[in-house]
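Asker: One structure, pasted below without further comment.
Rule-based calculations on the coordinates, nothing more; no lab input. Remember, it's a predicted structure, so these values are computed and weren't measured experimentally. Cβ placement follows ideal geometry from the backbone for every residue including glycine, while neighbour counts extend to all protein chains displayed.
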Amino acid sequence: MNDDSKVNNNRRRFLGTMAVTLASVPLLSLVKSNNAQAANLPHLTDKDPTAAALHYNDNATKAPRVAKSGVPAKKQFCHNCQFIQAKSGEWRPCQIYPGKLVNQNGWCTSWSKA
């Protein structure tokens, strides 16, 4: 391989790395803005039609839980459900209720082991 080929390969590698880096900058800002947007979402209540249909309660101990997926009812909460979309916070987004936040200690009939 001659010196020109090495230079061209290095240049291509550098330009490719720069392109990926520059493309990822807007994605990082989206992640930050999603977290900020989630903080502004309303809390889900049992008055919501979907929540009512799925027996959502923001206090799981008051919900009609039954054992599911080998998990006793008393250990089922939104914070350990597969549909929860955040790792922390008292109120978190959930795939079942788009545009609303569920209480980490809540429960609904859609609960599924994470």
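Asker: Please work out the Cα convex hull volume for segment 41-114 and give it in Å³ per residue.
Answerer: With only Cα atoms used, segment 41-114 gives 73 Å³ per residue.
Asker: Ok, one more. Suppose every Lys and Arg Cβ carries +1 and every Asp and Glu Cβ carries -1, with no other charges. What dipole size does segment 41-114 come out with about its Cα centre, to the nearest 20 debye?
Answerer: Magnitude of the dipole: close to 280 debye.
Asker: Apply the Karplus parameterisation 6.51 cos²θ - 1.76 cosθ + 1.60, with θ equal to phi minus 60°, to every residue of segment 90-104 and state each ³J(HN,Hα) to the nearest whole Hz, in sequence, with x for glycine and proline.
Answerer: So the J values, rounded to whole Hz, are 5, 10, 9, x, 9, 5, 6, 10, x, x, 9, 10, 9, 6, 4.
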